[in-house]
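The values are calculated or read from the model by the stated rules, or taken from the named source; none is laboratory data. Every value quoted in this text rests on a predicted model; they were computed, and no experiment measured them. Ideal geometry is used to build each Cβ from the backbone, glycine not excepted, and the neighbour counts take in all protein chains shown.
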Amino acid sequence: MLQAFDYTIDDQAPQTGWVGCRVRVPFGASTTVGVVISEPEATDSDSPLKPIEARLDSASIFGSELWSSLGWLARYVHAPLGEVLATALPTALRNGADVPVLETTFWRLTEAGATARSGVRGAKQSQVLSVLAEGERPNEAPELKGLHPALRSLQARGWVESEVRPQHAPESPEAAASGFELNEEQRAAATQIQQTQGFKAYLLDGVTGSGKTEVYLEAIRSCIQSGKQALVLVPEIGLTPQTVRRFEKHLGIPVHAFHSGMTDTARLHTWQAARTGVAPVVLGTRSAVFMPLAHPGLIVVDEAHDASYKQMDGMRYNAHDFALVRARALGVPIVMGTATPSMEDLHAAGQGRFEYLRLSKRAGVARAPSVRIMDVRKLPLEAGLSSAMITRMRAALDAGGQVLVFRNRRGFAPVLMCRDCGWTAQCSRCDSAMTVHGSGKRLQCHHCGAHRPSPSACPNCNNLALEPQGQGTERIETFLADHFDDVPVIRIDRGSTQRKDALARHFETLGDQPGILVGTQMLAKGHDLAKLALVVVLGIDEALFSTDFRASERVAQLLIQVAGRAGRADMPGEVILQTHYPDHPLLNTLIEGGYHAFADAELALREAAGFPPFAHMALLRAEAKHAHPPRDFLDVARDLLAQDGLDVSGPVPAPMQRRAGFLRMQLMVTAKDRKALQAALARVVPQLYAAPEARKVRWSLDVDPIDLY
């Protein structure tokens, strides 16, 4: 909701305690669920206001800290409070569901079951009776997985019985074996975090394979043993299952997951478990940053540099930044771990706002991979691969290793082109070529989702000379499967991981045997592949030239993260970058000096140019079916913002001007001082909502944008 609405309450209802409670109210011709944002006030008896139909909560479901933090977020991103509150609530609660009472069913043997044990012939029933003979078990116990039909059958015979009890936080095993030995750097970092009292922000800067996760685990172990909760954020859903399993193995307690791939009911139960303290550890993606915590003790942001923490539509918040706000409000330490810190985080550490922790070497026997550039100028390429690269891949496979081929473009090919007339398949709704999928059989726009079959002949000249141009992961997979038919070739991208647990199944299929992984940036994040001997990077050239001032940072981070997948165990690793620009300064800086040499140079350039983190930005976007309304709206915004003496650029067409049938324009606002920018936006945004020009466009405000497109 863009505004608040007033309703009356029954005379017999309590006059306080309403703020933060959900209510069901009439709205237009229907009813809806809202959140009360202020206590009742006296109204005229003849007031035309409608009454609240039902109060759904007896007290605020947010809690004082979260309510205050969400209010701060609404003010900072200049979004309506109702939109922020709705974003923070699980879908089931937004739709009016009851807050669940968390209960657990326990199973135990009856006397009859104990007597009949020896005579049971069914394998599963016998297994159940054997497990319960050692003591009662909760319904979710790993030993009972897959045995619930047998349990119900035995219950019908009176051999087992169940009891429902309220859920409580599990006891943390004091002597649970960690399964790893910390080195000196890891131990120093973990100890410093464990000894922290109150709020402190840590930037844990560790090379890939340095054991940042082990540091998290030691800090979390200390946190939960003191009776407090830990919230862990990860950037991708695909990382959640493997991370949950790893945490549960080392901590010895259940870890509650929270991400958009779960059902609404499952997400609601995790939310309530965190809110009541039943969940000692919650691990989730971006939206988990809104988790209410009964006994907060620690927040961890893994892969803290990742752009996935920024919400790119709707209410544009950054979970990384909001996690810092919440940690300060909760009075707990926060650890931001990454091998490639953002320029903003490095600058904050340099200013002393973050405590800097460094892990400079790989953990255990792992050693950093060798990295080299392969010049492919004038060389023939097959599916983007040179013959020398194919030979090197064969050698790695024959030695028992695995190969990762990285190409950050999914689909079969980026473009379908006619060799005779030069026609290319363009999206009718976007300023973009359609990507070829299905070995050339269909076309899809990766910006608006439009799709259609590939034409059998050129629509322009009617000739049959249509050819896919360039390489995507599908095309590379097809070529490698034909060329290396003695090993599995597995593609990891958005198209191949849509089904539940698909990513985990792909890795299980590969196992420890020689094989090839082909994938996009999904493979660059957090995966630990012990047998990975060779990483091949393709198509990096197109990312080396961009008008976005953040492009170099993204390329550097991606290359370091991808390279870090190799050599993570006792097998030596090698990384080869294929390029037509072997002398490019970015590539050579990374290879010769590493990420920090790049970061030092990049920060100097940013400071000279007045770009973040040495300035603060906001981006106003507007779109409509025609070009004039967005320009008119942004002209109004420019004139209003110019009164505050800010640096206002535009309006100009967006880098992709037409998207999903809308023409897009944008206005960039820059200020040296964050407070000055926020004050100007606070004054101007309400006027923009009220402007007549706003009714003719869809517009959004992005504070601290990370993508200028």
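Could you please find all residues in region 639-658 being in a helix (DSSP H, G or I) and acidic (Asp, Glu)? Scanning region 639-658 gives a single hit, 639. Is it the case, given these coordinates, that residue 151 is in contact with a helix residue (DSSP H, G or I) (Cβ under 7 Å, 6 or more places away or on another chain), outside any strand (DSSP E or B) and at negative phi? Judged against the criteria, residue 151 is a match. Against the criterion of being of a type in the set (S, T, N, Q), within 30 Å of residue 617 (Cα to Cα) and assigned to a helix (DSSP H, G or I), residue 126 does not qualify.
Scanning region 660-683 for residues that are over 16 Å from residue 618 (Cα atoms) and either touching a helix residue (DSSP H, G or I) at 6+ places or on another chain (Cβ under 9 Å) or surrounded by 14 or more Cβ atoms within 10 Å (Cβ to Cβ) (or both) yields a count of 4.
Entry remark, region 659-709: residues being in a strand (DSSP E or B) and not polar (S, T, N, Q) number 14 in total. Screening residue 60 with (1) polar (S, T, N, Q); (2) surrounded by 15 or more Cβ atoms within 10 Å (Cβ to Cβ); (3) under 30 Å from residue 160 (Cα atoms) gives one miss only, at (3). Restricting the first member to region 458-472 and to residues that are within 16 Å of residue 415 (Cα to Cα), and the second to residues that are charged (D, E, K, R) and outside any loop (DSSP other than H, G, I, E, B), the beta-carbon pairs closer than 9 Å and six or more apart or on different chains are 468/475.
Touching a His at 6+ places or on another chain (Cβ under 8 Å), surrounded by 15 or more Cβ atoms within 10 Å (Cβ to Cβ) and farther than 30 Å from residue 347 by Cα: is that true of residue 492 in this structure? For residue 492, the condition - touching a His at 6+ places or on another chain (Cβ under 8 Å), surrounded by 15 or more Cβ atoms within 10 Å (Cβ to Cβ) and farther than 30 Å from residue 347 by Cα - is met. Within region 402-435, restricting attention to residues that are under 27 Å from the mean Cα position of the chain (by Cα) and among the β-branched types (Val, Ile, Thr), the residue that is farthest from residue 489 (Cα to Cα) is 435. Here residue 486 meets each of (1) surrounded by fewer than 16 Cβ atoms within 10 Å (Cβ to Cβ); (2) more than 18 Å from residue 403 (Cα to Cα) with one exception, condition (2).
Could you list all residues from region 92-119 that are in a helix (DSSP H, G or I), out of contact with any Leu (no Cβ under 8 Å at 6 or more places or on another chain) and either touching a residue at least 60 places away in the same chain (Cβ under 8 Å) or β-branched (Val, Ile, Thr) (or both)? The answer is 94, 115.
Among residues of region 637-659 that are assigned by TED's automatic domain parsing to the domain that holds residue 624 and surrounded by 14 or more Cβ atoms within 10 Å (Cβ to Cβ), those with a beta-carbon under 8 Å from a residue that is at pLDDT below 90 and of a type in the set (Val, Ile, Thr) at least six positions away or on a different chain give the pairs 655/547. Selection of region 254-288 for residues being assigned to a loop (DSSP other than H, G, I, E, B) and of a type in the set (S, T, N, Q) yields 260, 263, 285. Residue count for region 592-641 under the criterion of being in contact with a Leu (Cβ under 8 Å, 6 or more places away or on another chain) and over 30 Å from residue 681 (Cα atoms): the result is 3.
Every residue, every condition in (1) more than 28 Å from the chain's Cα centre (by Cα); (2) small (Gly, Ala, Ser); (3) on the phi > 0 side of the Ramachandran plot; (4) at pLDDT 85 or above, yes or no:
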{"residue": "146", "(1), (2), (3), (4)": "yes, yes, yes, no"}
{"residue": "156", "(1), (2), (3), (4)": "yes, yes, no, yes"}
{"residue": "173", "(1), (2), (3), (4)": "yes, no, no, no"}
{"residue": "178", "(1), (2), (3), (4)": "no, yes, no, no"}
{"residue": "207", "(1), (2), (3), (4)": "no, no, no, yes"}
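Checking the stated criteria, residue 376 turns out to be in the same structural domain as residue 491 (by TED's automatic domain parsing), in contact with a strand residue (DSSP E or B) (Cβ under 7 Å, 6 or more places away or on another chain) and not charged (D, E, K, R). Looking only at residues of region 540-553 that are assigned to a loop (DSSP other than H, G, I, E, B) and either touching a Phe, Trp or Tyr at 6+ places or on another chain (Cβ under 8 Å) or at pLDDT 85 or above (or both), we find that the one that is nearest to residue 391 (Cα to Cα) is 540. Screening region 570-587 for residues that are out of contact with any Asp or Glu (no Cβ under 8 Å at 6 or more places or on another chain) and exposed (fewer than 15 other Cβ atoms within 10 Å of the Cβ) and picking the one that is modelled with the lowest pLDDT gives 570. Scanning region 620-635 finds no residues that are farther than 30 Å from residue 313 by Cα and surrounded by 14 or more Cβ atoms within 10 Å (Cβ to Cβ). If you check 43, 16, 32 for being hydroxyl-bearing (Ser, Thr, Tyr) and outside the structural domain of residue 80 (by TED's automatic domain parsing), only one passes: 16. For region 101-123, a tally of residues being touching a helix residue (DSSP H, G or I) at 6+ places or on another chain (Cβ under 7 Å), crowded, with 16+ Cβ neighbours inside 10 Å and either in the same structural domain as residue 56 (by TED's automatic domain parsing) or modelled with pLDDT of 85 or more (or both) returns 2. Of the residues making up region 312-321, at least one is under 18 Å from residue 200 (Cβ atoms) and either more than 15 Å from the chain's Cα centre (by Cα) or modelled with pLDDT of 95 or more (or both). For region 233-253, indicate whether the set of residues that are assigned to a strand (DSSP E or B) and at pLDDT 95 or above is non-empty. For region 233-253, residues assigned to a strand (DSSP E or B) and at pLDDT 95 or above: present.
The single condition among (1) in contact (Cβ under 8 Å) with a residue 24 or more places away in the chain; (2) within 23 Å of residue 307 (Cβ to Cβ) that residue 262 does not meet is (1). Annotation: of all residues in region 212-259 being of a type in the set (Gly, Ala, Ser), surrounded by fewer than 24 Cβ atoms within 10 Å (Cβ to Cβ) and touching a residue at least 60 places away in the same chain (Cβ under 8 Å), the one that is farthest from residue 183 (Cα to Cα) is 227. Annotation: residue 393 fulfils all but one of (1) among the aliphatic types (A, V, I, L, M); (2) outside the structural domain of residue 534 (by TED's automatic domain parsing); (3) touching a Phe, Trp or Tyr at 6+ places or on another chain (Cβ under 9 Å); the unmet one is (2).
The residues listed here are 608, 556; of these, the one that is over 19 Å from residue 523 (Cα atoms) and aliphatic (A, V, I, L, M) is 608.
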